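Chemist: What follows is a single structure, and I will ask about it in a moment.
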């Protein structure tokens, strides 16, 4: 391959969709290239065709999606006319892919070492010792701690950030010319995300690998992209050097995506003076395992957590995975009993109440989870899911249905859609339905546990605006759990920062962001993507 030839060249690519959809093509007339040592970010919302484009390069398209025009060339070789056997040979050897969710891409019953070595067994003549040495060396270059231990570990025994590094190690172990990264940092903590982005940029520079990076977040684009391709509804609407696209976007869709990235600068907010809705005093949770013939083990997930939440106020709990923020939320909702401390709602301690006495408080405290598809029953219509709680608490079905219709309008959906099933809605619409279901109980406290972290930035902004609207309408107290400080800056009146199960800092959002007192808070703010471009 000569130095001028792109690693990847896509020309006039069109891929048809089955009949009956809202458009004829998943992607239409798409053209762009990736040069050696270049990072090209493809940006767009769900349904824009960015992942379909990436999967077509790898030859991993679903059978119902058919390329009907154009070409895809890897180092000059036409991939659309390649046989399945040839594509298998090229995957891993000349091109590799990192997927969004490493836990579903890794085999749970094989060790990490076995899974990475499998690529070497298929594509090389190396012996067992040479394969092991190559894998250990690759893990070390990924900045993985104790590569020997991780080599012998199973996927569930390492953290999410470490699993994503393992996926990158497996993708790069054969020195491919092209690396495709499909939303590889969406669900990661900001600090882990920053490390992964830095790592990809370092490896691309060191190895001269061409990188095709799929994302919906312009904050991420600002950190790593050399060039940007913006896709909407299956078409490329804008492309060019990253600085040009970020600082002078030409297309309205590009401008909308950039404007939707939450700012790290907190919105001005007046201190809340409403009545107290929730107070935790010395709240703690310790997990204990072991039995008669096993050594007792204790893990302190949260300790000495003191939080106050008023009616009409949003308090954010921020921190990385393992910081204890979700444990605190689950204890407050009494989805699990705490090990110590008090939970006052507003002046009754529910921390140790038996299940039969918790019933009145189940209505007062509602939770919106991260993944609405898992929290909505796929076999029931969304209407049945929304009215279930109120009916269980004694409301007549006809009244519950009338309330559900009103709530559907409130969250920006058609009341007629109550007869549809969860799979018939988009991710953002399902999250709106989950919010409607929580509001159907007329709660006083709403717990949003990473409720917007998996959504496109534009949909995320709509859901955040919706939460602000319903909070004002119902005078809700919101406990907002997130790892994204940009989101916390926009929606929270006060911030609680947790690290390793304890609160290291808390205070008004503006004060914490403008003058963080703790080193951990400073590290979280520093790691938020997109600061260099003011995003």
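Every number in this text was worked out from the coordinates using simple rules, so none of it is lab data. Because the structure is a prediction, the values reported are computed rather than measured. Here the Cβ positions follow ideal geometry from the backbone for every residue, glycine too, while neighbour counts run over all protein chains shown.
Chemist: In square nanometres, what is the average projected area of the Cα convex hull of the range 154-205?
Modeler: With the hull built on Cα positions only, its mean projection is 3.8 nm².
Chemist: Taking 0.36 nm per intervening residue step and subtracting the Cα-Cα distance, what contour gain separates residue 82 from residue 140 on full extension?
Modeler: Answer, rounded to one decimal: 17.4 nm.
Chemist: Further, regarding this structure: Give the calculated FRET efficiency between residue 130 and residue 5 to the nearest 0.05, with a Förster radius of 30 Å applied to their Cβ-Cβ distance.
Modeler: 0.45
Chemist: Also: Place a label point 7 angstrom from the Cα of residue 69 along the Cα-to-Cβ direction, then list the residues of the range 4-18 whose backbone nitrogen is under 14 Å away.
Modeler: In the range 4-18, the label zone of residue 69 (backbone N under 14 Å from the point 7 Å along Cα→Cβ) covers 11-17.
Chemist: If one takes the longest principal axis of the Cα atoms in the chain, at what angle in degrees, from 0 to 90 and to the nearest 10, does the Cα axis of helix 382-392 lie?
Modeler: 20
Chemist: Please report the spacing between the Cα centers of the range 143-197 and the range 68-96 in Å, no decimals.
Modeler: 25
Chemist: In addition: Suppose a student asked you for the relative contact order of the chain, using Cα pairs under 8 Å spaced at least 6 residues apart; what percent would you report?
Modeler: Here the relative contact order equals 16 percent.
Chemist: Based on alpha-carbon centroids, what's the gap between the range 482-504 and the range 206-223 in Å, whole number please?
Modeler: 27
Chemist: Specify the angular offset, from 0 to 90 degrees and rounded to the nearest 10, of the alpha carbon long axis of helix 397-410 from the longest principal axis of the alpha carbons in the chain.
Modeler: Orientation of helix 397-410: about 50 degrees from the principal axis.
Chemist: Ok, one more. Can you give the Rg to Rh ratio of the range 276-533, both from alpha-carbon atoms, with Rh computed by the Kirkwood formula?
Modeler: Radius of gyration relative to Kirkwood radius: 0.98.
Chemist: So how far apart, in nm, are the two label points at residue 89 and residue 402 if each is 7 Å from Cα heading toward Cβ?
Modeler: The answer from the label model is 7.1 nm.
Chemist: Then there is this: One-quarter of the Cα convex hull surface for the chain, in nm²?
Modeler: 27.5
Chemist: Right, something else. Summing -39500 (n - 2.57) over the DSSP H runs of n ≥ 4 in the chain and dividing by its residue number, what mean residue ellipticity at 222 nm do you reach, to the nearest 500 deg cm²/dmol?
Modeler: Theoretical 222 nm ellipticity from helices: -11000 deg cm²/dmol.
Chemist: Which shape class applies to the range 1-120: rounded if a/c is under 1.5, otherwise prolate when a/b exceeds b/c and oblate if not, where a ≥ b ≥ c are the square roots of the Cα gyration tensor eigenvalues?
Modeler: oblate
Chemist: Please give, to one decimal in nm, the separation of the simple spin-label points placed at residue 263 and residue 247, each 7 Å out from Cα toward the Cβ.
Modeler: Going by the 7 Å Cα→Cβ label model, 2.0 nm.
Chemist: Need the full-extension length gain, residue 371 to residue 109, defined as separation in residues times 0.36 nm minus the C-alpha distance. One decimal, nm.
Modeler: Length gained between residue 371 and residue 109: 91.8 nm.
Chemist: Next question. Taking the Cα atoms only, what angle lies between the long axis of helix 427-439 and the longest principal axis of the chain, rounded to 10 degrees?
Modeler: Around 10 degrees separate the two axes.
Chemist: I need to check one value: relative contact order of the range 10-150, counting alpha carbon pairs closer than 8 Å and at least 6 residues apart, in percent.
Modeler: 19 percent.
Chemist: Additional query: Rounded to the nearest 0.05, what FRET efficiency do residue 273 and residue 237 give with R0 = 60 Å and r taken as the Cβ-Cβ distance? Could you check?
Modeler: Calculated value: 0.80.
Chemist: Run the quick spin-label model on residue 157 and residue 473: label points 7 Å from Cα toward the beta carbon, then report their separation in nm to one decimal.
Modeler: 5.1
Chemist: If the chain between residue 304 and residue 286 were fully stretched, how many nm would it gain, using 0.36 nm times the residue separation less the Cα-Cα distance?
Modeler: Between residue 304 and residue 286, full extension yields 5.3 nm more.
Chemist: Right, here's the next one. Place a point 7 Å from the Cα of residue 295 along the Cα-to-Cβ direction; which residues of the range 136-150 have their backbone N under 16 Å from it?
Modeler: No residue passes the distance filter.
Chemist: In percent, what relative contact order does the range 453-535 have, based on Cα pairs under 8 Å that are 6 or more apart in sequence?
Modeler: Answer for the range 453-535 is 19 percent.
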